[in-house]
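Have a look at the structure below, then the notes.
The values are calculated or read from the model by the stated rules, or taken from the named source; none is laboratory data. Just so it is clear, the structure is predicted and the values come from calculations on it, not from any experiment. Note: ideal-geometry Cβ built from the backbone for every residue, glycine included; neighbour counts use all protein chains shown.
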Amino acid sequence: MDRDREWYLAMAKLEALAANIPSRISQQHVDEFHEILAMFANATGEDISVFHVPDDKMQKQVVSFRPAGRRLPGSVQYSDQKYCDDNFFQRRLHEVKVYFTNFQPPHKR
């Protein structure tokens with residue numbers, strides 16, 4: 001795929017993701033975001049790893065809990081899947097949009 005086409009495809013995917021942000025950001029959504037970043041990296045030749053969502057921002061969420069009682073200890077159950085903080089993901093997505101909106105596509109440099 002040529003660089004121009006990959007650039008425009010990555011921008012379309014980024015716009016679509018930004019327009020349809022789910023209420024809970026799962027690992028699958030973060031992986032999709034990272035694939036879009038890889039497309040931009042291929043199209044521009046730039047190291048854009050600064051925009052990746054770090055592993056420490058992915059956490060399992062509390063699914064249920066039981067407070068401790070007189071005879072039973074409390075317990076907490078976590079999701080099988082990890083999720084990203086919504087605000088952090090939206091901020092990172094916005095950073096990428098601003099950066100690549102202001103960045104010139106490969107053929108215009």
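Points worth noting:
- Residue in the range 29-48 that is on the phi > 0 side of the Ramachandran plot and not aliphatic (A, V, I, L, M) present: yes
- Residues that are under 15 Å from Tyr99 (Cα atoms) and surrounded by 13 or more Cβ atoms within 10 Å (Cβ to Cβ) within the range 47-62 comprise Ile48, Phe51, His52, listed in sequence order.
- Within the range 75-109, the set of residues being modelled with pLDDT under 85 and over 17 Å from Asp31 (Cβ atoms) comprises Ser75, Val76, Tyr78, Thr101, Asn102, Phe103, Gln104, Pro105, Pro106, His107, Lys108, Arg109.
- Residue match in the range 91-104 (condition: exposed (fewer than 14 other Cβ atoms within 10 Å of the Cβ) and among the hydrophobic types (A, V, I, L, M, F, W, C)): yes
- Residue check for Ser75: farther than 25 Å from Arg5 by Cβ and within 19 Å of the chain's Cα centre (by Cα): no
- Residues that are closer than 14 Å to His94 by Cβ and surrounded by fewer than 16 Cβ atoms within 10 Å (Cβ to Cβ), drawn from the range 11-33: Glu15, Ala18, Ala19, Ile21
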